[in-house]
1. What pairs in B:K243/B:K332; B:K243/B:K286; B:K97/B:K332 have C-alpha atoms more than 22 Å from each other?
2. Residues of A:136-144, mean number of Cβ from any other protein chain within 10 Å of their own Cβ, rounded to a whole number?
3. Pop a pseudo-label 7 angstrom from the Cα along the beta-carbon direction at both B:V441 and B:I655 and give the gap in nm to one decimal.
4. Under a point-charge model restricted to the Cβ atoms of Lys and Arg (+1) and Asp and Glu (-1), what is the dipole moment magnitude of the stretch B:195-327 relative to its Cα centre, in debye to the nearest 20?
5. Along the charge dipole of chain A, Cβ charges K/R +1 and D/E -1, which of A:G357, A:A154, A:Q459 sits furthest on the positive end?
6. What full-extension length gain, to one decimal in nm, is calculated for B:A57 and B:V615 as 0.36 nm per residue of separation minus the Cα-Cα distance?
7. List the accessible area buried at the contact between C and B, summed over both sides and calculated with a 1.4 Å probe, in Å² to the nearest 100.
8. Using 0.36 nm per residue, how much length does the chain from B:T510 to B:S480 gain when fully extended, once their Cα-Cα distance is taken away?
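The values are calculated or read from the model by the stated rules, or taken from the named source; none is laboratory data. Source: prediction; values computed, not measured. Positions of Cβ are generated from backbone atoms using ideal geometry, with glycine treated the same way; all protein chains shown enter the neighbour counts. Ligands, DNA and RNA are stripped out before the accessible areas are found, and what is left, the full protein with its side chains, is counted by its heavy atoms. Shrake-Rupley method; radii C 1.70, N 1.55, O 1.52, S 1.80 Å.
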Amino acid sequence: MTTITLRLSDLVIMAPECILLLGVVVLTLADLWMKSSRTSIGIGALVVLCGALAAAVVQLVQETDATVLFGAYEADAFSSLCKIVLLLAACGVLGIAIGTPNETHAVGEMYTLYIPALMGAMLLVSSREWMTTYVALELLTISTIVLIGMRRAAIGKEAAMKLIVLGGVSSAFLLYGISFLYGCTGTTYYEVMASRLDMGQDASLITIAFVMIVASIAVKIALVPFHAWALDVGAGAVVPVAAFLSVVSKLAAIILLWRVCVDVLFPHAADVVVDVLFVLVCVSLVVAHVLALRQVTLLRLFAVSGIAHAALLLVPLIASGTRPDVDAWTIWLYYAVAYVLMNVGAFAAISLTHTTGTQPHVHQFAGLVYRAPWTAVAIVCIVLSLAGLPVSAGFFGKLFILLDALSQREGTAGIVLAALIVVGTVISFAYYFRIVRQMFWRPEGPVPPSSVRTRWFAQTVLWGSALGSVALGCAPGWLMELLAQLIAHTVVS
Amino acid sequence: MPVVFLCAAPLVVGLAMIACARYRMPAMAIAMTVMGALVCMPLIVPLSSASYAWVPALGWTLSFVVDGLSSLFAMLICGIGAVVVLYTHGYMRECPKKMTTLYGFILAFVGAMLGVVFADDAIVLFVCWELTSVLSFGLVAFWNGRADARAGAWRAIVVTALGGIALLVAIGVAWMETGVWRISEWNAAFASGSAHHSWLLDVALFLAVATKSAQLPFSRWLPGAMAAPTPVSAYLHAATLVKAGVYVLARMGELFGGPMMIGIVGIGVCTAVWGAYGAVRQTDAKRMLAHSTVSQLGVLCMLLGIGGLAQDGGIAAYAVAMYHLVHHACAKGALFMLVGIVDHAAQTRDVRQLTGVFRRMPAVGVVATVVMAMFVGLPFTSGFASKESLFLLIEAMRTSGATIFLGLCAVLASVGTFVYGVAWIVRLWGVGGSCAVHGDVRAAMWIPPLVLIAWGVVWGVVPQTVTSLVIDPAVHAIASRTFDTSMQWSWWHGVTWALWMTIAVFVLGTIGVVGMARLRAGLALGVRGLRRLRAVGVGCRRTVRMSAARIAYVWAHVPAGRGAGILWLVWVVCVGAALVLTVDVTQMHMRIGDVSVVAMIVVAGIVCAAVAMAVARQRLAIVCSLGAVGLFVSLLYVWLDAPDLALTQLAVETISIAFVLFVLRHYKHPPRARMSALPVLVGVVVTVLSAIALIPRPKTAIDRFTAAQSVPAAEGANVVNVILVDFRGLDTMLEIVVIAVAACSVVAMLRVRAERKREHE
Amino acid sequence: MTQTMTAYVLLAALLFVLGLYGVLTRREPIVVLLCVEVMLQAVALNVLAFAKYGGFEDVTGHVFVLFILAVSAAEVAVGVAVFLALVRQRGVDDVVKLDTLHAERQEE
């Protein structure tokens, strides 16, 4: 039931976010007054995330479908699923973070600040109104900026500065686009706006507003002409924060783009928006892979390869052209899960083999097979998934997307997309297997000290994602059916 | 279920062994047990086609097909696999630590390969196909300390992964064409004409076949993969892995269009000749065998292509192909094993250093001579039968230029085979040479090649029985129909063209062996010519790579630097055009009556300040003009019925500018005189603004809904409060978190100073 | 669109474009930050113009501007704090260039 003011019952609908909010307040106070250790704050943050996760799962199971504040916030099956994915990813990131040597000015903030950032990401998923969207986006961005800027080394602050400027410019573009839409309709709610927009009257104004909105979200996703920041910022952050940027932030921005396209943009200018996105995705697929070939610093490498994965995640959207059907949503969710698993795993691997005080480099994997064979096995599983080789989650995700592109989009566009995906995959073998090659083949020299064996949280994350990738690869049908069943109701209604 | 077990059991056991390689275990016993079980199981539990649900949403099933073709391949895989497992035991005795890993890889490979040949669902086929690539990567790179092993494995995985992608594309296209995933259904659909051939399908499928089966121009990886341990070469690169491409060609024959089949025949022939030529040039025994394998694979592809083109269903060609396949797998496997024995004893594989080695180990020499005789096709061996039937097949074809070319090439390839095979044997039996032989030959190493040779013996004794048991069912499966006439074998066909061809092979071959040295010199001349061609290729590749790097570099750097002005210009033109299109410029008469004079002044101020900001060079001037823009804009809010917002904006702007000026204090030479102008400016503007804001104004914007709902819905009289806390509660909550985060960051950043102080102390 | 509103919208566009020009051409982080602020002010002006002349009769636009102001203030605060920390760590001259990350890319 929709209410016009915020009531106590609404907080139940927003339970995952509310738990996060309460958690961050409690943790900050605990950090200030109790002089507790860093690790205990980190574990506390993990507990808070688990609480929110439980709430999201309960909502999913109960098939909650409700809105808050005139429909500014909507909790349905799809958003609950997205939240679960985001929460799992954040749990992984926290797992990586706990136990890393402190390279920041922060004490407990290094853990507690993930929570508001995640809250922003989750609200982006549920938001159906531009103001909420904007503020949630800024909450995500600013929290991330602070996380990056906390790094003690100067490059962290430099990266933070870059993100502030770029985030600011992209927000300005987004708002400028929104302001035109507001001017045409007098509302900021997606649904009302979509019903009031009139392409006959203000066609060019609406079109340019749409293009600006798409472009500004593309900056957040770091699609190709807007990608340069992602490399620098990724390289400037500490490993767990880089993981957060590459997984949670990126995924949230992609979900936002889906939401906005489906709710507002597609009903009015599907062809223009799809064309713009098509160009962005194609260019991203090509350029990201070529750029990645040149990277030897791991954070840069994964920042660039993340762009390629993000482009893949947009393929079901542009393949559908208008309103995506259950299949497109399911395929998207499947690849999102796979993306989370393999990227969180990859960053866990980077963090585990990383020597404090240096930039993560491919060489850090040298001879890992001889130092820590089991860890190496897990990393191989993850790399297989990243490269899209069978039997792994990444393989099936890519395959589903490829087939979707071929079957949904008739004619040249589908074939171009499919060809680019295939070519990109082939190129990606070269740079992903560089890691495997390092692990197996480098002669054993003096190995850099690393904390592979002692960090149980990061080890758990690594193994969780490796096994998850393999399991999803073995039984993709199970997850696909589950997802399709869960969201069928939402998409149809 | 038996089929699934057959594929899964070795895979699981193998992977488990790789994982537990560091523990001691009777690896040989385990491997032998598994292989024994594989060989015996079909005798106890009859295999049958089966299908299980996997991903119903997409129509994928775990379906397996058991027919003559897959049984024939499975027989090869399991039989030769068991032999190789035994041989490995002898070969690896010096290195027991790595034995478990090697066995694990081999077992896993057996499972994957069985998966390839039994799969009916295309996706299952693809998954197993890729698994074989990955496992062969591990096997080739087994001696990972050696640079050539690493390079060879790398090249192999790159080429075969490319083929895997091509296979995936082919599967996708075939699925789009037919809507199903079962290979058997595809064949039916394409054969009946309900699905259409396309060039994409042809090319993709051919790429898959050619990369896996080392056809031109993808044959380079196979000689490179010879860095693998010899049992692996005997198994993967003679009997199984490289035959996977041939298998797909046979299994999906209907999917190829006619023109492509002609192409396959052509490429097969070229590969056959090229491989023989390469083998003659080689001095390393294993690399020689690899080139010869390439050559024989070319023959197999050619045969299957001829079968696909034949009007009568191609039964004869298929039969010859299947026969040649089995013959080659056994003979080549045995040859590899013998080379391994020689290598073990003499510590080298270079033919030039091995002169006379067989005189020191005559038993091995005799066996090797017999196998080679079989291989080059001396009369009364299985090789003779296979070559003879190939010539007969060509003879039976319609006479044309193409047929003659085909015949010539077949003769040429056979001559090559004869030359390198006989020359090798002659050299190794030769007089002189100082090659020392160490140790004795173990039973585990000499029994396996003998077992493989037994095939030739069995076939020689009961040719018709073996044919009807093994070859015919496979041919049924390929030609997808049954037939009454079995293939007839005989040693003598009368005086035919085939006979002359055979004689030509022997005569030319003998001349070749005698003139081996001259032949080598002549070939070297050709090689130099080829090298020159390759230099051109390298140059092209370098150019492409450098331009790609250049483009990538430019892409990465575009938004940086002052050239960004161009981007800006483009953007302005775009937005400007859109606005002009929307807004009717002709109606724009700015009348003073509409907008008050003060507003006009404010607007002018904004424009001036903004332009000043854009052109100013000095740091402080820029900051000041930015501040002025903000202040003037906040003034403008008053005309837009938002005095409260104007005040907010004013406060924000003032604080921001003050904050920035505070930071600018850190610059080296703060121009103090100009800085004093700013507070004055701020003071003046605030005064003016407050005065204007306090002028009583008529209520213009009335939010009826909000005002009406304020008390009943939210029980608050203050509309602003109600909006922020109730109607916009969510956003306000978020905003508070944003500000809290910002505050946190400011505090944390300012810790830098404290830390630095501590460091100084 | 009424003519007065058109004037406001064009003014906002001018401001937005000039702010963008500053962002793209200036190298000093703090100046770029303030240029971003100008872009946001342009947006605010746009929204308020629409709110007054669009005939919508509610306060959505005003509330929107309020949020833009508050959030952008937080952004500036974070930006200046980061900048300050950087200045203290590196000294002014290095900060103006801000190209360590860029240099790292070129080394590869």
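1. On the way: B:K243/B:K332 13 Å; B:K243/B:K286 18 Å; B:K97/B:K332 28 Å.
Table pairs above 22 Å Cα-Cα are B:K97/B:K332.
2. Numbers: counts 5, 2, 11, 8, 1, 4, 12, 8, 1.
The per-residue average across the peptide is 6.
3. 9.2
4. Working: 7 positive and 4 negative charges, 87 e Å.
Value, rounded to 20: 420 debye.
5. Farthest along the dipole direction, towards plus: A:G357.
6. On the way: separation 558, 0.36 × 558 = 200.88 nm, distance 6.23 nm.
The B:A57-B:V615 span can extend by a further 194.7 nm.
7. On the way: alone 8030 and 38710 Å², together 40180 Å².
That pair of chains buries around 6600 Å² in total.
8. Details: separation 30, 0.36 × 30 = 10.80 nm, distance 4.20 nm.
The B:T510-B:S480 span can extend by a further 6.6 nm.
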